[in-house]
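Q: This is the structure I want to talk about, given as structure tokens.
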């Protein structure tokens with residue numbers, strides 16, 4: 001096992017921006033059934049559940065509990081990392097998985113909602129704490145299991161976090177994670193970008209209508225004036241301002257003319273702009289599976305795909321109605337394309353369910 005690293009002192013401005021980003025996202029109920037994201041589609045969710053568990057109706061955490069914890073629950077104590085509004089640990093509690101849970105998140109607003117919901121359900125055995133996973137210190141040999149859902153890819157100081165998980169687990173304890181493990185900052189390789197754009201061009205125009213352009217209220221969480229000015233300054237310093245202005249005026253013109261605005265291409269996010277809006281987003285995601293074996297034994301990695309669908313369906317997922325046969329067949333086509341390109345080695349799995357364990361000795 002690797003030696004324990006020193007906790008890097010956080011960049012407080014970046015930490016504040018990340019916390020503020022998720023506070024705003026929570027207050028605005030961002031990402032919740034808006035049709036902007038691939039997982040807003042039930043066929044996509046069923047596909048991910050099937051890849052994670054072999055059953056389109058079984059969630060990933062139900063599968064790992066059944067396969068790896070059967071006969072040992074309820075566990076005395078678990079931890080939930082990056083818990084957000086607390087959905088995962090409440091569900092685990094309802095399943096009888098735990099006697100006590102320590103849940104951590106950077107967003108005070110999300111934690112406030114999590115506490116309120118737990119109280120409303122009479123779940124006094126869940127303790128919610130505000131924490132930055134980059135500097136979090138966990139108690140030694142305290143947890144039988146640690147759960148993380150879409151949170152580790154927001155951690156820059158992976159070495160510190162993995163050491164904390166390793167020391168906090170009892171011998172034989174488990175880490176269960178459902179994570180984005182694709183290219184950091186979503187800087188996709190050329191072949192992946194070409195595949196996404198080729199698939200986009202296969203779709204009829206009615207499926208490519210930009211939902212963000214049609215309804216600005218569905219856009220990213222509203223920014224503070226300071227964040228907007230920082231974004232503008234970064235555009236001026238590193239370029240891209242002219243292109244951004246051109247796209248904005250094009251959207252305004254189309255809106256004024258009553259024309260639909262279509263998603264014409266899939267683009268890599270500007271890493272500088274991404275860092276401004278949420279400095280934690282996919283900061284070292286591609287290193288998760290490289291580093292974790294230095295701290296825990298990898299028991300299983302279940303690939304979930306996503307290299308094509310994740311960004312392809314961004315901003316247009318809500319144009320598909322799975323109840324319509326044509327829409328359903330188009331989605332199935334996209335599923336087949338992603339699977340075929342992944343099997344051919346052209347695409348890599350960008351999402352995975354990870355099961356790791358601390359050696360019993």
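Values quoted throughout were computed directly from the atomic coordinates according to the rules given, and no laboratory measurement underlies them. Being a predicted model, the structure only gives us computed values, none of them experimental. Ideal geometry is used to build each Cβ from the backbone, glycine not excepted, and the neighbour counts take in all protein chains shown.
Q: For residue 45 and residue 259 in one chain, what is 0.36 nm times their gap in residues minus the Cα-Cα distance, to one decimal in nm? Working shown, then result.
A: Values: separation 214, 0.36 × 214 = 77.04 nm, distance 3.16 nm.
Contour length minus Cα-Cα distance gives 73.9 nm.
Q: Set the Förster radius R0 to 30 Å, insert the Cβ-Cβ distance between residue 119 and residue 150 as r into 1/(1 + (r/R0)^6), and round the FRET efficiency to 0.05. Walk me through the intermediate numbers first.
A: Values: r = 24 Å, r/R0 = 0.81.
Once the sixth-power term is evaluated, E becomes 0.80.
Q: Then there's this: Given axes a ≥ b ≥ c from the Cα gyration tensor, I'd like to know whether the stretch 61-147 is rounded (a/c under 1.5), prolate (a/b larger than b/c) or oblate.
A: It is oblate, given that a/c is not under 1.5 and a/b is not larger than b/c.
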